[in-house]
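The values are calculated or read from the model by the stated rules, or taken from the named source; none is laboratory data. Predicted, not measured: the structure shown is a model, and the values here were computed from it. When we count neighbours, we look across all protein chains shown, and the Cβ atoms used for this are built from the backbone with ideal geometry, even at glycine. Only protein heavy atoms, including side chains, enter the accessible area calculation; ligands, DNA and RNA are left aside. Shrake-Rupley method; radii C 1.70, N 1.55, O 1.52, S 1.80 Å.
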Amino acid sequence: MQERPADTPLTSLRAYLEAARQRPLVPVDLLATWRMARIELFCPGAAALAKNPNAPARMRGAWGRALAEGASAEALAGGPCPWPAPCAYDLFFNVQGRMTARLEIPKPFAIALDTDGNDLIVSLTLFGIAVDWAGEAADAMVRALRNGLDTHDRRRPLKVTDRRVGLASGLPAAEAGAGLLLSFVTPVALRSGAQMHVRPESLLTGVANRVGGLALWQGHALAIDPAALKAEADALGRRAEWQVETAPGWRNGSKAQRRERAMGGVLGTLMLPQPTPDLAALLRIGAETHVGSHAALGMGRYDLLTLAS
């Protein structure tokens, strides 16, 4: 379903998101129409960075600096970009509204790192209408990596030898079988206030919150009954099986600006017996968007596997 005619310019990100709230879509239908672009950048000899949990955050910071070079003064000040087509910095780095008093609308991207032998593959995935900015986003990420990632005492430049962009419209459904297995590739952080925990029911509602926020960038509101979701999450959580491994902690931020913060999470696998089709759809989308705190920094990435009957 085309939410905006191709020849109609998008002049306000906030207006687009507000209009999306009026177009509800159930999870299985959202899955069938989910639009995204995956930008892959190939960096020879840099595979070791994939083991550094802080690397995606540093890439995000470098990407933001590169996007800022082409941003409007208003966007750089944190306000709406007034240009006929809003600049990419406004789209990917400024707050565009809130889902609730405590939750802002998530930024429409995710960063993931993979390896091919000794080479690093940097994946930048854009969601919904953000696909229209794929060219600008990809160019900025190439510049960001070549300009270098901030380390404790210097910037480390990376070579970029290839760039590929793949588009998807609609994701295949997750076959539930006897259940689904979430195998976490990067640490997931589930929090209640300042306390970290690993309650499966919180993970399930967290997936719904993140996918619901990103659904707005798809031009839709997520149509799901919060009370029914909580009841299913609680029931499924009691039957779930976690095999948890605590991930080593690390620090994110800049020592020079005194903005460092402690980071942490857990790795492991979570087995969920026979989720409903709607919840399975949310988990399938969540495998693309990541889940939990700091998902935009590469955390909470998982592979979704089907358990045999």
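Considered as a group, the residues in region 5-46 that are of a type outside the set (S, T, N, Q), in a loop (DSSP other than H, G, I, E, B) and open to solvent by less than 50 Å² (accessible area, probe 1.4 Å) include one that is modelled with the lowest pLDDT, and that residue is LEU10. With respect to the stated conditions, LEU182 is assigned to a strand (DSSP E or B) and touching a strand residue (DSSP E or B) at 6+ places or on another chain (Cβ under 7 Å).
Conditions (1) closer than 25 Å to MET263 by Cα; (2) touching a helix residue (DSSP H, G or I) at 6+ places or on another chain (Cβ under 6 Å); (3) not acidic (Asp, Glu), marked per residue:
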position: ARG58; (1), (2), (3): yes, no, yes
position: ARG98; (1), (2), (3): yes, no, yes
position: PRO106; (1), (2), (3): yes, yes, yes
position: LEU120; (1), (2), (3): yes, yes, yes
position: GLY128; (1), (2), (3): no, yes, yes
position: VAL131; (1), (2), (3): no, no, yes
position: GLY148; (1), (2), (3): yes, no, yes
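Here is a check on your reading of the model: is LEU103 aliphatic (A, V, I, L, M), open to solvent by less than 20 Å² (accessible area, probe 1.4 Å) and either at positive phi or touching a residue at least 60 places away in the same chain (Cβ under 8 Å) (or both)? So LEU103 does not fit the description; no. Residues of region 123-138 that are in contact (Cβ under 8 Å) with a residue 40 or more places away in the chain and not in a strand (DSSP E or B): GLY128, ILE129, ALA130, VAL131, ASP132, TRP133, ALA134, GLU136, ALA137, ALA138. For first residues located in region 291-303 and in contact (Cβ under 8 Å) with a residue 24 or more places away in the chain and open to solvent by 20 Å² or more (accessible area, probe 1.4 Å), partners that are among the charged types (D, E, K, R) and assigned to a loop (DSSP other than H, G, I, E, B) and lie 6+ apart or on another chain with Cβ distances below 6 Å form the pairs ALA296/LYS107.
Every residue in region 222-237 that is farther than 19 Å from LEU30 by Cα and either out of contact with any helix residue (DSSP H, G or I) (no Cβ under 8 Å at 6 or more places or on another chain) or open to solvent by less than 40 Å² (accessible area, probe 1.4 Å) (or both), please.
Passing the criteria: ALA227, ALA231, ALA233, ALA235, LEU236, GLY237.
Among the residues of region 136-167, those that are aliphatic (A, V, I, L, M) and open to solvent by less than 30 Å² (accessible area, probe 1.4 Å) comprise ALA137, ALA138, ALA140, MET141, VAL142, ALA144, LEU145, LEU149, LEU158, VAL160.
Selection within region 76-100: residues that are assigned to a loop (DSSP other than H, G, I, E, B) and under 18 Å from the mean Cα position of the chain (by Cα). The member of this set that is surrounded by the fewest Cβ atoms within 10 Å (Cβ to Cβ) is VAL95. Summed over region 220-240, residues that are assigned to a loop (DSSP other than H, G, I, E, B) and in contact with a strand residue (DSSP E or B) (Cβ under 7 Å, 6 or more places away or on another chain) total 3.
Counting the residues of region 239-285 that are among the charged types (D, E, K, R), surrounded by fewer than 16 Cβ atoms within 10 Å (Cβ to Cβ) and either at pLDDT 95 or above or over 30 Å from LEU31 (Cα atoms) (or both) gives 7.
Within region 55-75, being touching an Asp or Glu at 6+ places or on another chain (Cβ under 9 Å) and surrounded by 16 or more Cβ atoms within 10 Å (Cβ to Cβ) holds for ARG58, GLY61, ALA62, ALA66, LEU67, ALA71, SER72, GLU74, ALA75.
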